[in-house]
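S.K.: Encoded as structure tokens, here's the structure I'll be asking about.
The values are calculated or read from the model by the stated rules, or taken from the named source; none is laboratory data. Computed from a prediction, not measured in an experiment: that's the story for all the values here. Cβ coordinates were reconstructed from backbone atoms using ideal geometry, including for glycine residues, and neighbour counts include every protein chain displayed.
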Amino acid sequence: MHKDKRKPIEPGQEGGCQCGAIRYRLLRAPVALYACHCRDCQKQSSSAFGLSMWIERDAIEFTGAEPRIYHTHGGSGREKLCAFCENCGTRIYHAGGGTRTVGKEALSIKAGTLDETSRVMPTCHLWTKSAQGWITPLLEGSVCFDTEPESKETLRAQWRDAQDALAIY
């Protein structure tokens, strides 16, 4: 039997932008991590989806340059603030905008900005109605939502269950 060698994302892990001007350190573990297939995430990541990791605002410490903020609206119609490095353009996080970023209590960190990404594993997929056709066969057997789940607690519970399962190994 194959044992899962992945480890959970833990406090103390660090990340930042490509040029190193903006850095962060996790003070506590994230509360959710998912892949978003909305058109905004596809454009922002220049890929088929974006990886979003919820972290409570008081559970992350930023150092270095202040990010620039781009204002837009999320799929919910609510304002979404998009923080990025003005030097290299790396998107660091989103805030506001609905379920995706949990309002004012958390930031939606772009999980690919972690220095160590081998621990990044989404527990579900959002906005799959916008997913690229070539990726939809890969989503079979995954927890998927056409848009966003009704409750932010759904995503938090899935993440907790996945982290608990990793702790067994």
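S.K.: Is at least one residue of the range 151-165 surrounded by fewer than 18 Cβ atoms within 10 Å (Cβ to Cβ) and under 13 Å from C36 (Cα atoms)?
M.R.: No, there is no match, as no residue in the range 151-165 is surrounded by fewer than 18 Cβ atoms within 10 Å (Cβ to Cβ) and under 13 Å from C36 (Cα atoms).
S.K.: Another one. Can you pull out every residue in the range 15-50 that is without any contact (Cβ under 8 Å) to a residue 12 or more places away in the chain and assigned to a loop (DSSP other than H, G, I, E, B)?
M.R.: S46, S47
S.K.: Looking at S142, S46, can you tell me which residue is among the hydroxyl-bearing types (S, T, Y), at positive phi and loosely packed, with under 13 Cβ neighbours inside 10 Å?
M.R.: From the options S142, S46, the qualifying one is S46.
S.K.: What is the number of the single condition among (1) under 16 Å from G112 (Cα atoms); (2) within 15 Å of the chain's Cα centre (by Cα) that S46 does not meet?
M.R.: (2) is the only condition that S46 fails.
S.K.: Separate question: Which members of the range 120-137 meet the condition of being assigned to a helix (DSSP H, G or I) and more than 19 Å from the chain's Cα centre (by Cα)? Before the answer, list the steps.
M.R.: Kept after step one, since they are assigned to a helix (DSSP H, G or I), are these residues of the range 120-137: 128-130, 136-137.
Selection gives T136, P137.
S.K.: A further question follows. Being under 26 Å from T90 (Cα atoms), part of a loop (DSSP other than H, G, I, E, B) and without any contact (Cβ under 8 Å) to a residue 60 or more places away in the chain is true for just one of T117, T147. Which residue is that?
M.R.: T117
S.K.: Another question, then. When you go through (1) more than 28 Å from L139 (Cα to Cα); (2) modelled with pLDDT of 90 or more; (3) not polar (S, T, N, Q) one by one for K110, which number turns out not to apply?
M.R.: Of the numbered conditions (1) more than 28 Å from L139 (Cα to Cα); (2) modelled with pLDDT of 90 or more; (3) not polar (S, T, N, Q), the odd one out for K110 is (1).
S.K.: Would you confirm whether any residue within the range 9-21 is modelled with pLDDT of 95 or more and among the acidic types (D, E)?
M.R.: Checked against the condition, which is being modelled with pLDDT of 95 or more and among the acidic types (D, E), the range 9-21 yields at least one hit.
S.K.: Any residue that is among the aromatic types (F, W, Y) and over 24 Å from C144 (Cβ atoms) - is there at least one of those in the range 91-105?
M.R.: Taking the range 91-105 first, the residues among the aromatic types (F, W, Y) are 93.
With the extra rule that they be over 24 Å from C144 (Cβ atoms), the set shrinks to none.
No, that holds for no residue.
S.K.: Only one of these conditions is not met by M53: (1) in contact (Cβ under 8 Å) with a residue 40 or more places away in the chain; (2) assigned to a loop (DSSP other than H, G, I, E, B); (3) in contact with a helix residue (DSSP H, G or I) (Cβ under 6 Å, 6 or more places away or on another chain). Which number is it?
M.R.: Just one mismatch for M53, condition (2).
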